[in-house]
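The values are calculated or read from the model by the stated rules, or taken from the named source; none is laboratory data. Please read all numbers here as calculations on a predicted model, not as lab measurements. Glycine gets a Cβ as well: all are built from the backbone with ideal geometry, and neighbour counts include every protein chain shown. Just the protein is used for accessible areas: all its heavy atoms, side chains included, with ligands, DNA and RNA removed. Shrake-Rupley method; radii C 1.70, N 1.55, O 1.52, S 1.80 Å.
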Amino acid sequence: MRALNMLTLVLLIVGGLNWLLVGAFDFNLVAALFGDMTPLARIVYVLVGLSAIYQIVPLVSGKQA
């Protein structure tokens, strides 16, 4: 469980940094690395979104995953 928690946190950090780059510099790192909405880029976006959902549970319950 600890490994999954660490993986989701890393993915959320990567996603947050990507949004920082998009907002500040109009540069999408995921699209630059994997192509604009290619299947691989979509997988990255889905994994970041699932990581956010996974991290909501301990936040709402007040418990650390």
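Points to keep in mind about this one:
- Helices (runs of 4 or more DSSP H) completely within the chain that count 1 or more residues being among the charged types (D, E, K, R) and at pLDDT 95 or above: 39-61
- In segment 48-65, the residues that are open to solvent by less than 80 Å² (accessible area, probe 1.4 Å) and closer than 19 Å to residue 16 by Cβ: 48, 49, 51, 52, 54, 55, 58, 65
- Residues satisfying the stated conditions in segment 7-25, i.e. open to solvent by 90 Å² or more (accessible area, probe 1.4 Å) and under 24 Å from residue 58 (Cα atoms): 7, 13, 17, 19
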